[in-house]
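Beneath this line is the structure, given in structure tokens, with notes to follow.
The values are calculated or read from the model by the stated rules, or taken from the named source; none is laboratory data. In this text the structure is predicted, and so the values were computed from the model without any measurement. As a convention, Cβ positions derive from the backbone with ideal geometry for all residues, glycine included, and neighbour counts pool all protein chains shown. Areas reflect the complete protein model, heavy atoms only, side chains present, ligands, DNA and RNA absent. Shrake-Rupley method; radii C 1.70, N 1.55, O 1.52, S 1.80 Å.
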Amino acid sequence: GIDCGSIYLVDEAGGLDSVAHIGLTPAFAGAVSYLPPESHKSQFVREGRTAYMRYDELNFDPRIPADVRSQESILSLAVLPISYQSIVIADLTLGSHTLFGFSGEVRDVLEAVAAQLGATLARIKTEKHAFLMHIKSRCNIFIAVIPPKPRLTIRISATVFHSKHWKT
């Protein structure tokens with residue numbers, strides 16, 4: 001299932017600043033902790049399009065060492081821009097080390113979660129310090145979707161840190 005992911009905030013320059021992650025090796029999490037505005041992923045996210053892809057089909061950023069990418073062994077990714085008032089303010093990227101793709105049902109749930117996060121992140125982004133303290137104490141999201149068959153449960157937890165790239 002979905003076993004790793006990151007939440008990025010879009011900074012003033014248009015780069016992506018990771019504020020939470022789970023299920024990633026320390027080397028990979030460090031390599032992707034900040035993606036500058038000119039990176040392929042930052043540009044893609046700012047366009048506001050959702051994407052589901054196999055990890056091996058990505059246009060890899062040369063700033064991420066090849067050995068770090070290969071050791072991570074991610075098979076598939078979901079890149080979900082988070083918008084508020086038609087402006088992309090963040091990104092939810094989720095991945096799987098075991099699946100080569102995401103079903104339509106899972107995609108619907110992920111897109112609904114991303115849509116709900118926009119207003120929440122916009123409100124608390126103005127209170128960065130309070131947000132970080134709150135999320136550190138409660139860093140758990142639980143989503144359960146119970147259609148007639150099959151049962152789908154997604155649980156996302158995150159490790160949160162204060163990014164050196166944030167201006168407070």
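Okay, here's what the table says:
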{"item": "Flag for S70 being under 18 Å from A115 (Cβ atoms), open to solvent by 50 Å² or more (accessible area, probe 1.4 Å) and either out of contact with any strand residue (DSSP E or B) (no Cβ under 6 Å at 6 or more places or on another chain) or among the hydroxyl-bearing types (S, T, Y) (or both)", "result": "no"}
{"item": "Single residue of segment 74-86 satisfying the filter (within 17 Å of the chain's Cα centre (by Cα) and either hydrophobic (A, V, I, L, M, F, W, C) or farther than 12 Å from L117 by Cβ (or both)) that is most open to solvent (accessible area, probe 1.4 Å)", "result": "L75"}
{"item": "Search result, residues across segment 9-44 that are under 19 Å from S86 (Cβ atoms), surrounded by 19 or more Cβ atoms within 10 Å (Cβ to Cβ) and in contact with a Gly (Cβ under 9 Å, 6 or more places away or on another chain)", "result": "S42"}
{"item": "Sole exception among (1) surrounded by fewer than 12 Cβ atoms within 10 Å (Cβ to Cβ); (2) touching a residue at least 60 places away in the same chain (Cβ under 8 Å) for F100, by number", "result": "(2)"}
{"item": "Entirely in segment 1-75, the helices (runs of 4 or more DSSP H) that have 3 or more residues that are modelled with pLDDT under 90 and out of contact with any Lys or Arg (no Cβ under 9 Å at 6 or more places or on another chain)", "result": "66-72"}
